[in-house]
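Here's the structure we're looking at; comments come further down.
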Amino acid sequence: MRFPLPGLHDSETRQKDKIYYFTKQFNFQTTKMFMNSKKELLWQSRFSLPFDRDALLFSSSVHVDKKLYREDIQGSIAHVTMLSEENIVSVEDAAQIIAGLREIEEELSGGSLLPQWEDEDIHTVIENRLKEKIGAVAGKLHSGRSRNDQVATDTRLYMRRQITELQVALGGLLGVLIEKAECYHKTIIFGYTHLQRAQPISAGHYYLAYFNMFSRDRQRLHDLMKRVNISPLGAAAFAGSTLPLNAERTAVLLGFDDLFSNSIDAVSDRDIVIEFISDCSMIMMHLSRFAEDLILWSSYEFGYLEISDAFATGSSIMPQKKNADIAELVRGKTGRVYGNLMAMLTIMKGLPLSYNRDMQEDKQPLFDSAETTIGSVTIFAKLLEHTKLKEERLAKLTAEDLSLATEIAEYLVRRQIPFRDAHRITGKIVTWSIASDVTLPNIPIEKFREFCDAFEPDIYNCLKADVSVNSKKTHGSCSFDSVALQIEMARKEL
Ligand code: ARG
């Protein structure tokens, strides 16, 4: 029999994995192995048989939702404070409960209390521990509250914190993008369409395109926060309570901006979770595209960009390799976040109102999306900060490239040639240039005139990358002036 190596599987985080491992080995009979645990489940009294151990193991969510312990305790303290203010629980009892909860928070954060899977979920872990500490008084905490509004509250508090963290991470990335745009404001690079060199642009313009995308992502989170920061506490199981709960008060105590208006909706929707993961997916999609550019541009074939050695990886067999693993991982993790979005949509799609246990499955996709996205944004900003454009090589490549062809067509338009004709004439010039191996700026004027007699020697002024970039006159274009203006606006926005 093989057993997970100690050290590789530390007992707390891998607890449930281990149990699964055991259940496989022993053909799913945990009963004998865990007989020593005699904890009572919150709802056990109604039943004549103890809950089957394998069924409990299957339904326990402690290994996932233990992450919510801080939010759970925060919510409980607010709830019991309100209970005492409304004379539902005495001030002394409330004080005892609050002191106990504070101690449990320390025990959990310090690691002296390890949540056990037999407790079913983190709410039960905390409640059982409170009972151990202060006895029967602990049972008063749950007056007028169900785990349904409790978990909905915890989830919203968790999301509020993660949204703020993600906004901060995005702010960092936006800052790096502005720095890059400023630093490479006058560096000319190729702009691409269809991954074919299209037209020369200011590199600043390129970085600002991503600034705009991530700025919209941040706005989306800001908007989402309005829907997340609403208290569901006081909805109880789903129908409300006969006790004189003051839901406004708990909402205020927990820093919520608003209060649920329908108790069924308060406990049974998870649309904000789906919306959050959708916002995360959008961010990851933007990062993934950016990652793709970095990977391509840092390759030998492109050779436009150097990733700092501190953010590159090597190969265990090919000594020359310098890989962009961080960017690749961000691109790869995007797939996982998309998967979480699909999981959540599917979990919710067939659920009759109101609460169903299926909804417990929301936490893994939610936590994973939040952590993956925050981690990806943060590391990507750092990676980007440590990249350099290879300016000399870019200057050489952009100087004589066919991507100046649009300049020729627009030159002819300025000489009153209809654009479609100008396009056709330029196409022929490009074909000749490739066939004769003469770059566009080196084509003699006589040759230009063979294609169209509207050409004058001033055509050569257009055939310089910087002139091409800077003769762009339109709103939001790639000229140095336009980029400078965009940088100024971006700075203001940040
Ligand atoms: N662990 C549960 C969840 O995350 C808590 C709510 C349990 N409610 C219930 N009616 N069984 O959804």
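Observations
- R0 of 60 Å, Cβ-Cβ distance ARG70-PHE419: FRET efficiency to nearest 0.05: 0.45
- ASP52 - accessible surface, heavy atoms, 1.4 Å probe, Å² rounded to 10: 80
- Accessible surface comparison of LEU157, LEU195, probe 1.4 Å, protein chains only, largest first: the order is LEU195, LEU157.
- Once the C-beta distance of LYS492 and GLU40 is scaled by a Förster radius of 56 Å, the resulting FRET efficiency is 0.40 to the nearest 0.05.
- ³J(HN,Hα), Karplus 6.51/-1.76/1.60, whole Hz, each residue of the range 177-183, x for Gly, Pro: 5, 5, 4, 5, 4, 5, 4
- Potential lengthening between GLN219 and ASP325 on full extension [0.36 nm per residue; Cα-Cα distance subtracted]: 35.2 nm
- With a 1.4 Å probe rolled over the protein heavy atoms of all chains, the accessible area of THR398, THR431 falls in the order THR431, THR398, largest first.
- Between the range 357-382 and the range 94-144, the alpha-carbon center distance in angstrom: 27
- With every protein chain in place, the range 217-275: carbon and sulfur % of accessible area (1.4 Å): 51
- Centre-to-centre separation between the Cα atoms of the range 150-220 and those of the range 250-326: 11 Å.
- C-alpha long axis of helix 203-228 to longest principal axis of the chain, angle in °: 20
- Among the trypsin sites (Lys or Arg not before Pro) in the range 398-437, those located in a DSSP loop and surrounded by at most 15 other Cβ atoms within 10 Å of their own Cβ are ARG415.
- Relative to the longest principal axis of the Cα atoms of the chain, helix 91-110 runs at roughly 50 degrees.
- Calculated [222 nm] ellipticity per residue, helices only, for the chain: -19000 deg cm²/dmol; basis is -39500 (n - 2.57) per DSSP H run with n ≥ 4, divided by all residues, nearest 500.
- Lysine pairs with alpha-carbon atoms under 21 Å apart, the range 350-494, spacing 8 or more or separate chains: 9
- Surface calculation, 1.4 Å probe, protein heavy atoms: ILE230 sits at approximately 40 Å² accessible.
- Gain on full extension, evaluated as 0.36 nm per residue between LEU402 and ASP437 minus their Cα-Cα distance, stands at 11.5 nm.
- 1.4 Å probe accessible area per residue over the chain, in Å²: 50
- Solvent exposure, largest accessible area first (probe 1.4 Å, DNA, RNA and ligands not counted), of LEU57, LEU485: LEU485, LEU57
- Accessible-area value, PHE451, 1.4 Å probe, nucleic acids and ligands omitted, Å²: 60
- Amide H contacts under 5 Å for ALA198: GLY191, TYR192, THR193, restricted to partners 5 or more places along the chain or on a different chain, H placed in the peptide plane at 1.01 Å from N.
- Of all DSSP beta bridges in the chain, antiparallel share, percent nearest 5: 85
- Between CYS183 and LYS349, the FRET efficiency estimated from the beta carbon spacing at R0 = 51 angstrom works out to 0.60.
- Given charges at Cβ of Lys, Arg, Asp, Glu: the chain dipole, positive-most of LEU351, GLY191, THR242: GLY191
- Cα-centred dipole magnitude for the chain, charges only on beta-carbon of K, R (+1) and D, E (-1), debye, nearest 20: 780
- In order through the range 394-406: 3J(HN,Hα) via Karplus (6.51 cos²θ - 1.76 cosθ + 1.60), integer Hz, x for Gly, Pro: 5, 4, 5, 5, 7, 4, 10, 8, 5, 5, 7, 4, 4
The values are calculated or read from the model by the stated rules, or taken from the named source; none is laboratory data. Just so we're clear, the structure is a prediction, and the values are computed from it rather than from any experiment. All Cβ positions, even for glycine, are placed from backbone atoms using ideal geometry, and neighbour counts span all protein chains on display. Please note that ligands, DNA and RNA were not included when accessible areas were found on the heavy atoms of the full protein model with its side chains. Shrake-Rupley method; radii C 1.70, N 1.55, O 1.52, S 1.80 Å.
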